[in-house]
Amino acid sequence: DASGIVLVADNVALNGTVTNDTGSNYNGDLIFSGTHTTGGTIGIVGGNSLGLISINQGTFTMAHDMSAAQVLVDQSATLALSGDRTIASGALDVANGSTVDLGQNTLTLGTGGVNFASGTNLNLTVSSASVYGRIVQAAADAVIAPGTTININVTGNIANGTTLYLVDGNAGTSV
């Protein structure tokens, strides 16, 4: 592939920022297999994004922001957030059997949508009416397929009648 592919094996650490310095947007694929935690920003937020960030098997802890044309959670993998994070460009696609675990953190998607296939899981924690796991999208729609399971762990008091937007998409597509 002319744009370059990097395969990262289980428990191999990438300490520092991973960038696309080709001069054009959406080049390069970064494929993680197994358990990982980001050691720096992946893709250039506000610059040239990667083409693909693929998370295969195991748990990938997103401890930094990312930017790619597509972030794919695949092959029964888990994408876990360690704090409020951003995927600056591209779509977040969650394949059958995979999980997004927000905890009580916010995942902000800049230009892409989010797509949960049937058989996926969205896990989140609700601590209060203002502190809870959620996905916020600035520019695209949210697709939550039938057969997606949303697991909510409530750890605080929430007043009756309180509305919480767990996935807040563009143009009113919210869950």
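Quick check: net charge around Asn115, other residues with Cβ under 14 Å of its Cβ, Lys/Arg +1 and Asp/Glu -1? Its environment carries a net charge of -3. Here the 3J(HN,Hα) profile of the range 152-165, calculated from phi with Karplus coefficients 6.51, -1.76 and 1.60 at θ = phi - 60°, is 10, 9, 9, 10, x, 8, 10, 5, 3, x, 6, 9, 10, 8 Hz, Gly and Pro shown as x. Please label the shape of the range 96-154 as rounded, prolate or oblate, based on the square roots a ≥ b ≥ c of the eigenvalues of the alpha-carbon gyration tensor (a/c under 1.5 means rounded; beyond that, a/b larger than b/c means prolate, else oblate). In terms of gyration-tensor shape, oblate. Between Thr35 and Ile5, residue separation times 0.36 nm minus the direct Cα-Cα distance comes to 8.9 nm. Per residue, the accessible area of the chain comes to 44 Å², computed with a 1.4 Å probe over protein heavy atoms only. Rounded to a whole number, what % of the accessible area of the chain do carbon and sulfur atoms account for, probe 1.4 Å? Carbon-and-sulfur percentage of accessible area, whole number: 48.
Potential lengthening of the chain between Asp21 and Thr163 amounts to 46.8 nm, from the contour at 0.36 nm per residue minus the alpha-carbon distance. What whole number of Å gives the distance from the Cα centroid of the range 59-82 to the Cα centroid of the range 1-54? Taking the Cα centre of the range 59-82 as reference, the centre of the range 1-54 is 11 Å away. Applying the criteria of a DSSP loop state and at most 15 other Cβ atoms within 10 Å to the chymotrypsin sites (Phe, Trp or Tyr not before Pro) of the range 103-175 yields Tyr165.
Each peptide among 84-93, 104-113 gets the average number of other Cβ atoms lying within 10 Å of its residues, and from highest to lowest they stand as 84-93, 104-113. Close amide H contacts of Ser98 (hydrogens built in the peptide plane, cut-off under 5 Å, sequence separation of 5 or more or a different chain): Ser76, Asn121. For the range 131-143, putting each phi into the Karplus relation 6.51 cos²θ - 1.76 cosθ + 1.60 with θ = phi - 60° gives couplings of 10, 7, x, 7, 10, 10, 10, 8, 9, 9, 8, 9, 10 Hz, in residue order, rounded to whole numbers and with x for Gly and Pro.
Other residues with beta-carbon under 14 Å from the beta-carbon of Thr99 carry, at +1 per Lys or Arg and -1 per Asp or Glu, a net charge of -3.
The values are calculated or read from the model by the stated rules, or taken from the named source; none is laboratory data. This one's a predicted model, so the numbers in the text were calculated from it and none came from an experiment. Reconstructed Cβ throughout: ideal geometry from the backbone, glycine too, with neighbour counts over all protein chains shown. SASA here: full protein model, heavy atoms, side chains in, ligands and nucleic acids out. Shrake-Rupley method; radii C 1.70, N 1.55, O 1.52, S 1.80 Å.
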